[in-house]
Amino acid sequence: MVGRIKKILYYAKLFMFGTFLDKRSAVVRKEAFDENDDLMLLLFGDYLGIPNPISYYMLELLPYVASDMDAWERRIQNRKMILAEKAAQFDFD
Amino acid sequence: MYRRYTFFGGKGGTGKTTCAASYALSLARRGVRTLVVSTDPAHSLADAIGSPIGSEVVEVEKNLWALEIDAELEAKKYMESIQQQMLHIVSAAIVEEIKRQLRIAYLSPGAEEAAIFDRFIDLMEEAGDKYDVIVFDTAPTGHTLRLLTLPEVLEVWIDHLIKKRTKAMDLMRLAARYEKELQEKLKDDPIFNILSRRRDRFQRAKDLLTDHGNSVFHFVLNAEKMPILETERAIKLLKEFDIKVGSVVVNRIIPPEAGAFFEKRREAQDGYLKTIEERFGVYGVVRIPMLESDIQGVTQLESLSESIKEVEGL
């Protein structure tokens, strides 16, 4: 009996999460990623040709962001559809 | 009264190294544990002292140690430590990519400067119980001023970065509110930690450099037009960054007994000496005569130490 209630509660929670929370947190997450992309631009802009006064000191961050480096470079260099991107972020359906 | 961190700076070729070395020697002879450090990429300290000096501290004589900071070596060490660290964090596939980027950065402008600066701050912080005084023989003016004003400039920049990272992480945490696993991962942010460690370091460097009771910057110049102008500009900049200016050392003054050949030069020099007195009199002017031969080796440095001692006057 208790097990069944638990199960029902669990599914209810998942349902609520999927319907209301997940969408919202996706927006927030997108915003967070954008913010991080900007930060990366400030940190490693010199790889794209933007001079950086402290690129030397930023090297020690490299190991922590290396795995994201490639994807980031692609994203930054391909920012042609910023409007569409922003619109998609707010999910008008 | 001597200060814990004494800098000698000025235009190239005016005799900074000689002054720094002989000042360090005079301190050492008085029983003060002294380390003399050259931050000039083109080192000449070893020539002045007359014995080989490297990127490790060597004892020249009792109470006197010397060191030449090797920018290239420092930068290399830094890169290696990053590579070492990286092996624990990332997969082997990315290591090559990072190595490529490290090589690019290694060649980028400012890398050597930053490397020297790093070692320089290390020395200032560690020196505490080993040495009573560190005498810095700095590179020609422009280079050095950039070095000394680095913390002030970089702090603003890094502050901005930290703010940005904090915001991104806050948003991230907000998004991960319902995901325990991700939240755990976000708790300790290495990027934030590294950035704030850097900022603290710059802050400490700034505190040390602007501490008037502990740090002082002496200028070395010749009684000529260009060095006077350059010194004036440099003093203005140091004031702006709140670094204490000590004495102004006028080196290579032609003595009256130099003879008829130098008569004209001496007249011109007298004019410049007057200008120096007018412009820099408040800091205290120390005069050092031109000697018969170049100064080399400890015994000859000693002959200067009486006059160079006056830089402590103020």
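For the structure I just gave you, tell me whether residue A:15 is more than 20 Å from residue B:174 (Cβ to Cβ), without any contact (Cβ under 8 Å) to a residue 60 or more places away in the chain and open to solvent by 70 Å² or more (accessible area, probe 1.4 Å).
Yes: the conditions hold for residue A:15.
Can you name the residue in the stretch B:1-39 that is closer than 14 Å to residue B:231 by Cα, in contact with a Phe, Trp or Tyr (Cβ under 8 Å, 6 or more places away or on another chain) and at pLDDT below 90 and, of all such residues, is surrounded by the fewest Cβ atoms within 10 Å (Cβ to Cβ)?
Applying the filter and picking the extreme gives B:10.
Can you tell me how many residues within the stretch B:159-202 are surrounded by 13 or more Cβ atoms within 10 Å (Cβ to Cβ), modelled with pLDDT of 80 or more and not hydrophobic (A, V, I, L, M, F, W, C)?
Counting residues in the stretch B:159-202 that are surrounded by 13 or more Cβ atoms within 10 Å (Cβ to Cβ), modelled with pLDDT of 80 or more and not hydrophobic (A, V, I, L, M, F, W, C) gives 13.
Within the stretch B:148-176, work out how many residues are touching a Ser or Thr at 6+ places or on another chain (Cβ under 7 Å) and facing chain A (nearest Cβ under 7 Å).
1
Restricting to the stretch B:203-251, what's the tally of residues that are basic (Lys, Arg) and buried (at least 19 other Cβ atoms within 10 Å of the Cβ)?
2
Inspect all residues belonging to the stretch B:300-312 and state whether any of them is within 30 Å of residue B:65 (Cα to Cα), touching a helix residue (DSSP H, G or I) at 6+ places or on another chain (Cβ under 7 Å) and surrounded by fewer than 17 Cβ atoms within 10 Å (Cβ to Cβ).
Checking the stretch B:300-312: at least one residue is within 30 Å of residue B:65 (Cα to Cα), touching a helix residue (DSSP H, G or I) at 6+ places or on another chain (Cβ under 7 Å) and surrounded by fewer than 17 Cβ atoms within 10 Å (Cβ to Cβ).
Looking at A:57, A:47, A:64, which one is modelled with pLDDT of 70 or more, facing another protein chain (nearest Cβ under 9 Å), open to solvent by 60 Å² or more (accessible area, probe 1.4 Å) and in contact with a helix residue (DSSP H, G or I) (Cβ under 9 Å, 6 or more places away or on another chain)?
None of the others qualify; the one that does is A:64.
Could you list, in sequence order, the residues of the stretch B:89-107 that are at the interface with chain A (Cβ under 8 Å from one of its Cβ atoms) and open to solvent by less than 30 Å² (accessible area, probe 1.4 Å)?
Of everything in the stretch B:89-107, those that are at the interface with chain A (Cβ under 8 Å from one of its Cβ atoms) and open to solvent by less than 30 Å² (accessible area, probe 1.4 Å) turn out to be B:90, B:98, B:101, B:102, B:105.
Quick check: anything in the stretch B:263-286 touching a Pro at 6+ places or on another chain (Cβ under 8 Å), of a type outside the set (Asp, Glu) and either modelled with pLDDT of 90 or more or outside any helix (DSSP H, G or I) (or both)?
No, every residue in the stretch B:263-286 fails to be touching a Pro at 6+ places or on another chain (Cβ under 8 Å), of a type outside the set (Asp, Glu) and either modelled with pLDDT of 90 or more or outside any helix (DSSP H, G or I) (or both).
Looking at the structure I just gave you, is residue A:7 at pLDDT 85 or above and open to solvent by 80 Å² or more (accessible area, probe 1.4 Å)?
So residue A:7 fits the description; yes.
Scanning for something charged (D, E, K, R), under 30 Å from residue A:64 (Cβ atoms), touching a residue at least 12 places away in the same chain (Cβ under 8 Å) and touching a Pro at 6+ places or on another chain (Cβ under 8 Å), does the stretch B:206-222 turn up at least one residue?
yes
The values are calculated or read from the model by the stated rules, or taken from the named source; none is laboratory data. The structure presented is a predicted model; accordingly, all values stated were derived computationally and were not measured. We place every Cβ from the backbone using ideal geometry, glycine too, and count neighbours over all the protein chains shown. In case anyone asks, the SASA skips ligands and DNA or RNA and just uses the protein heavy atoms, side chains included. Shrake-Rupley method; radii C 1.70, N 1.55, O 1.52, S 1.80 Å.
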